[in-house]
Amino acid sequence: MSPTVTVIVGARPNFVKLAPVVHALRDRPGVAVRILHSGQHYDPALSAAFIEQLGLPPPDENLSVGSGTHAEQTAGVLVGVERALLRDRPDAMIVAGDVNSTLAAALAGVKLGIPIVHVEAGLRSGDWAMPEEINRVLTDRVADLLLCTSADAVGNLAIEGIAGERVVLAGNTMIDSLHRLVGHANTSELLASLGLERRRLALVTLHRPAVVDDPERLAAVLAVLERLADQLPVVFPMHPRTRARLQSIGPRRARKLVLLEPLSYLDFLALESAARLVITDSGGVQEETSALGVPCLTYRTTTERPVTLELGTNRLVGTDPAALAAACREELALARDFAPAAIPLWDGHAGERAAAAIAAMLARGAQ
Ligand code: UD1
Ligand code: UDP
């Protein structure tokens, strides 16, 4: 009988990170892949559109856990995943990144003795106030195979005593998705329909609780973006969390910005690859901008992706609005060639290396 692997998806970035792993596993003979969707993200713009554009098969099951407090959401996924695993016990489980669904699924699996694979293991911001940091550290602690995007992540795991053949530097699967689809993104008509020109736009994504949940902090960063909009169009596809916060402080605070609903992956790649400048608090966007050679200002005090600062196009500006305004001015004064960064193993083949490592783990387990 072929070994079965259950892949857990739940939130927007999970689809982008896991699609290359699913494709590579399905290309290998002898591994059956099941997809279990936690339902953490449920709006079509955050979920179904990604499944379709990334060519993922429809999930075999959706737990429809939805939104809630951290405890509600994590508990919902824990209970739902355990039930699914008891019904259809796989030979291994794959989780990705750092969202609540990642930790909850890993916890359900490890208690049942199912080997856990963590894609994008070992990243550390050092900021324990971030829910994602808690999710990453605890998921790594229970994982049996830890697939890292960069050498610093391997080093972080070694400091925590996690080393040996269970840690594999596979490269960045999120960048595999970008390599595969950025060409298709050029067919997006979004730029033209918004009347935008290449390299004459700033793209913004902000959704971290630390940046958007406090009304004063949100108003302060919007004021910087409004001033930037006097220089070039500022396009802001808004995560639902941010949209809700903007409604409560008054949508007029963003009247000069081009506010959009969350974009499909292809439309987002079209804007991201055409941008003069990206301002973000996203994890994945810090990586994608480096791979595209587009300058990125990260509006956070820490990053778990230091390789994008060292080898890429990312600059950590902190969360002082004045520092962001100064960084925008400095960036726009520079002449840029938009050369993609060369980061080891961000080469479009990380999914294949991940699948090979997973197959090797399954083979060891079968002995
Ligand atoms: C989650 C992740 C974050 C990740 C982000 C990716 C955690 C703790 N956070 O944050 O690390 O960067 O996803 O986008 O797992 N909502 C909708 N429609 C949806 C989903 C959510 O309207 O389909 C709204 C709800 O009001 C919800 C809020 O967004 O309360 C937050 O959603 P949630 O999944 O809890 O966290 P994110 O902010 O999306
Ligand atoms: N993304 C997208 N549309 C958007 C915003 C982001 O397709 O409107 C993609 C982006 O290209 C990247 C991923 O979503 O692949 C990043 O997800 P997000 O910023 O929500 O989460 P994080 O990476 O911070 O966990």
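Table for the structure above
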read-out	value
Qualifying helices (runs of 4 or more DSSP H) (wholly inside segment 1-117; at least 3 residues being farther than 21 Å from Ala355 by Cβ, more than 16 Å from ligand 1 (Cβ to nearest atom) and hydrophobic (A, V, I, L, M, F, W, C))	70-87
Candidate set: segment 143-183, residues that are touching a His at 6+ places or on another chain (Cβ under 9 Å) and farther than 30 Å from Ala270 by Cβ; chosen: the one most open to solvent (accessible area, probe 1.4 Å)	Asp144
Matching residues, segment 107-122, being touching an Asp or Glu at 6+ places or on another chain (Cβ under 9 Å), at positive phi and either of a type in the set (D, E, K, R) or open to solvent by 10 Å² or more (accessible area, probe 1.4 Å) (or both)	Glu120
Scope segment 189-203; condition over 23 Å from Glu287 (Cβ atoms) and buried (at least 16 other Cβ atoms within 10 Å of the Cβ); matching residues	Leu196
Unique match (being surrounded by fewer than 17 Cβ atoms within 10 Å (Cβ to Cβ), more than 18 Å from Ile116 (Cβ to Cβ) and away from ligand 2 (no atom under 16 Å from the Cβ)) among Glu61, Glu72	Glu72
Selection status of Arg12, open to solvent by 50 Å² or more (accessible area, probe 1.4 Å), among the basic types (Lys, Arg) and more than 12 Å from ligand 2 (Cβ to nearest atom)	no
Thr298 vs. criteria within 30 Å of Pro209 (Cα to Cα) and open to solvent by less than 10 Å² (accessible area, probe 1.4 Å)	yes
Single condition Arg124 does not satisfy, out of (1) outside any loop (DSSP other than H, G, I, E, B); (2) within 16 Å of ligand 1 (Cβ to nearest atom)	(1)
Members of segment 317-348 that are aromatic (Phe, Trp, Tyr) and under 20 Å from the mean Cα position of the chain (by Cα)	Trp346
Residue match in segment 80-87 (condition: within 16 Å of ligand 2 (Cβ to nearest atom) and of a type in the set (Gly, Ala, Ser))	no
Test set (1) over 30 Å from Arg180 (Cβ atoms); (2) surrounded by 19 or more Cβ atoms within 10 Å (Cβ to Cβ) - Ile134 fails condition number	(2)
Of the criteria (1) surrounded by 14 or more Cβ atoms within 10 Å (Cβ to Cβ); (2) within 16 Å of ligand 2 (Cβ to nearest atom); (3) not hydrophobic (A, V, I, L, M, F, W, C), which one Asn186 fails	(1)
Answer residue from segment 81-102, given it is of a type in the set (A, V, I, L, M, F, W, C) and out of contact with any strand residue (DSSP E or B) (no Cβ under 8 Å at 6 or more places or on another chain) and is farthest from Thr69 (Cα to Cα) among those	Leu86
Only one of Phe236, Phe268 that is part of a strand (DSSP E or B) and within 25 Å of Ser177 (Cβ to Cβ)	Phe236
Count of residues meeting criterion [assigned to a helix (DSSP H, G or I), away from ligand 2 (no atom under 15 Å from the Cβ) and surrounded by fewer than 15 Cβ atoms within 10 Å (Cβ to Cβ)] in segment 204-226	3
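The values are calculated or read from the model by the stated rules, or taken from the named source; none is laboratory data. Model, not experiment: these values are computed from the prediction. Every residue, glycine as well, gets a Cβ built from its backbone with ideal geometry; the counts of neighbours run over all protein chains shown. Heavy atoms of the whole protein, side chains included, go into the accessibility calculation; ligands, DNA and RNA do not. Shrake-Rupley method; radii C 1.70, N 1.55, O 1.52, S 1.80 Å.
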